[in-house]
Structure formats: C-alpha cells, structure tokens
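Single-structure report; data block below.
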Amino acid sequence: MEEKLNEPVDDALEPKDVTDVVFEALVQKTKKNIFLINVGLRSKGTCVSERDLEEELVVEKQTSSDLREVIKTQQQQMKEMMKKFQESETTRVKQEEELKKRQANTDALIRTLMSMIPGCQAKQ
C-alpha cells in the first residue's frame with residue numbers, strides 16, 4: 001500500500017488519497033469490502049468493486065441486446081404494416097376507379113332513358 005501511495009503522480013492528476021489506496025488493496029484481497037464503510041471512511045454508494053462494475057456491464061450489455069431485438073422486431077412490424085397499407089391503398093384506388101366507371105355508365109343509361117321520354121329532352 002505504501003508503494004501505491006508513494007507512486008509519482010502526473011501534474012494533471014491529484015495525489016492518491018490514503019483511503020483510496022486502502023480501498024483498492026481491500027478490493028484485491030477481500031470478496032466483500034465493507035471495512036471502510038464500517039469505520040465510516042466510505043459510504044455504501046462509493047464502495048464499488050470491479051466485480052460489481054463487471055456485473056453491471058453484463059446487465060447493460062444484455063439490456064442493450066434486448067433493446068436491439070425489440071427495435072428489430074418493431075422495424076419488421078413497420079415494414080409489414082407499410083406493405084399492408086400500400087396494398088389496401090392500391091385496392092382502394094382500383095375500387096374508386098371502378099366506382100367512377102359504374103357511375104359514368106349509370107349516368108349514360110339515365111340520359112338514354114330520359115331521351116326516350118317525350119318532353120325531357122329540353123331539360124338536359
């Protein structure tokens with residue numbers, strides 16, 4: 001511990017605190033480092049071991065992987081929905097064109113029938 005405490009420090013970095021050096025040594029030597037917490041030199045929030053960080057990283061990677069899978073699924077669903085929308089829009093346009101043709105035929109039939117009735121020709 002004394003060696004770590006006496007290591008030269010760059011100008012940009014602060015010198016190592018005794019508590020930090022003790023903490024690092026305890027993390028390397030013990031599984032659960034609660035000594036500094038018990039003596040009041042560290043709070044529970046600052047007592048993070050390398051294992052805890054690795055576990056947190058694994059959890060974050062899994063969460064990230066899960067989110068990527070959700071995004072992939074949603075993108076596939078969007079593609080399917082867009083395809084269905086385009087198909088329904090194409091069908092709607094075809095039906096509208098067919099309806100216009102029927103309406104034109106009906107109008108022509110009505111005109112023909114009206115022309116057969118005497119006295120209706122002037123109203124056209």
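The values are calculated or read from the model by the stated rules, or taken from the named source; none is laboratory data. Note that the structure is a prediction, hence the values are computed from the model and not measured. All Cβ positions, even for glycine, are placed from backbone atoms using ideal geometry, and neighbour counts span all protein chains on display.
Below are the figures for this structure:
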item	result
Single match in V27, V59 (criterion: in contact with an Asp or Glu (Cβ under 9 Å, 6 or more places away or on another chain), in a helix (DSSP H, G or I) and at pLDDT below 95)	V27
Scope the stretch 103-124; condition modelled with pLDDT of 95 or more and either among the hydroxyl-bearing types (S, T, Y) or surrounded by fewer than 10 Cβ atoms within 10 Å (Cβ to Cβ) (or both); matching residues	T106
